[in-house]
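Trainee: My questions all concern the structure below.
The values are calculated or read from the model by the stated rules, or taken from the named source; none is laboratory data. A quick note: this is a predicted structure, and the numbers were derived from the prediction, not measured. So basically every Cβ, Gly included, is an ideal-geometry build from the backbone, and we count neighbours across all protein chains shown.
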Amino acid sequence: MIIRKLFKFENAHIVRDCSTRRCSENIHGHSYKIEVLLESNYLDNGQMVYDFGLTKLYIKELIDSFDHAITLWRDDDPEYIASMKAHSSRWIELPVSPSAEQFSRVIYLMIERVLACTQMQNGEREVTLHSVIVHETDTGYAQGFKDDAHSVLMGKIALEDIRFSGQIRSEWSDPDLWAKLLAHLPLHTPRKV
């Protein structure tokens, strides 16, 4: 069975080297809609694949990190990156260009790690991430699957290469969340959310 949870955020970026000059040469923003599809062949004690309430903690916080932030590609012009960081307290730096396709891969990897580190509390079993759909506009989206997220041909993404600004980290319920995820430390979900 597959379940779907929708998240939203506003984000700015430049997608260098794309065909459209407006996108490749200008900072611009989108109202993103992110669909997270989880699957399992089992139901938990509440007869659910995964309680939607559980997504409101770490998964929502990580996706919300992109809200009202600028997403930067670490291989962009160093002056541009430094300027954006100097003038924005909310930024995320990625090892890949921030296209919808790459957002789907990045978010997939982040959620995959959250699920791997989460100590299940209510009989959840074999809950896996099916895919992540990133709607950049009302008419266009990218859907990323496990093979896409781990594809070196599409650009290697190591979670260790993703950087969040201090303001973003300070807004998480646990400011050490990213460090815990990178270290594969267990995340505890409360029994009642």
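Trainee: Counting only residues that are within 22 Å of the chain's Cα centre (by Cα) and either modelled with pLDDT under 95 or part of a loop (DSSP other than H, G, I, E, B) (or both), how many does segment 30-41 have?
Mentor: Residues in segment 30-41 being within 22 Å of the chain's Cα centre (by Cα) and either modelled with pLDDT under 95 or part of a loop (DSSP other than H, G, I, E, B) (or both): 1 in total.
Trainee: Just the residues that are among the hydroxyl-bearing types (Ser, Thr, Tyr), closer than 19 Å to Ser170 by Cα and not in a loop (DSSP other than H, G, I, E, B), please, taken from segment 64-83.
Mentor: Within segment 64-83, the first condition is being among the hydroxyl-bearing types (Ser, Thr, Tyr), and the residues that meet it are 65, 71, 80, 83.
Right, trim to closer than 19 Å to Ser170 by Cα and you get 65, 71.
Thr71, the sole residue that qualifies.
Trainee: Out of the residues in segment 84-134 meeting the condition of being among the hydrophobic types (A, V, I, L, M, F, W, C) and in a loop (DSSP other than H, G, I, E, B), tell me which one is farthest from His184 (Cα to Cα).
Mentor: Val96
For every residue, the table says whether it meets (1) at pLDDT 95 or above; (2) aliphatic (A, V, I, L, M); (3) part of a helix (DSSP H, G or I).
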site	(1), (2), (3)
Cys18	no, no, no
Arg22	no, no, yes
Leu43	yes, yes, no
Leu54	no, yes, yes
Ile59	yes, yes, yes
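Trainee: Now, a different point. Given the criterion out of contact with any Pro (no Cβ under 9 Å at 6 or more places or on another chain), of a type in the set (Asp, Glu) and not in a loop (DSSP other than H, G, I, E, B), identify the matching residue among Asp138, Asp174, Asp147.
Mentor: Just one listed residue meets the conditions, Asp147.
Trainee: A further question on this structure: Starting from segment 62-89, keep only residues that are on the phi > 0 side of the Ramachandran plot and surrounded by 13 or more Cβ atoms within 10 Å (Cβ to Cβ), then list their pairs with residues that are modelled with pLDDT of 95 or more and not in a loop (DSSP other than H, G, I, E, B) whose Cβ atoms are within a distance under 6 Å, requiring at least 6 positions of separation or different chains.
Mentor: Listed pairs, sorted by first residue: His68/Glu10.
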